[in-house]
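The values are calculated or read from the model by the stated rules, or taken from the named source; none is laboratory data. Quick caveat: nothing in here was measured; it's all calculated off a predicted structure. Here the Cβ is made from the backbone with ideal geometry for all residues, glycine too, and neighbour counts use every protein chain on show.
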Amino acid sequence: MPMTIEVTDLPGRLKELLQIMETGSEVLLRDGDATAKLTTARPTREPHELRTAGLSLGAAIMSDDFCDPLPDDFWDPPATPTLYDLPHPNQEN
């Protein structure tokens, strides 16, 4: 049978509820007519299985000038308007 607790009682009993949930028991939170079920968050994989190094070697290549400074005109506004410069259809001029 799940344990039911009112939301107003939650702050003082949070540690207790976490210990109950570790055992696999269900905890329901109630706030008037609203009810929420608390569940434990468990990883779907073991930490060492989350990522494997080297699977995408060569998939991304940086150019030789990647770390070079950008040219001064890089920061100039574009000569043609962009989508951000155009008025929104619902916007009044």
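Structure data summary
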{"item": "Candidate set: the range 37-90, residues that are of a type in the set (D, E, K, R) and either surrounded by 10 or more Cβ atoms within 10 Å (Cβ to Cβ) or closer than 30 Å to Leu10 by Cβ (or both); chosen: the one nearest to the chain's Cα centre (by Cα)", "result": "Arg42"}
{"item": "Residues located in the range 1-38, provided they are among the acidic types (Asp, Glu), in a helix (DSSP H, G or I) and at pLDDT 85 or above", "result": "Asp9, Glu16"}
{"item": "Pick from the range 15-34, criterion β-branched (Val, Ile, Thr) and surrounded by 11 or more Cβ atoms within 10 Å (Cβ to Cβ), ranking: nearest to Ile5 (Cα to Cα)", "result": "Val27"}
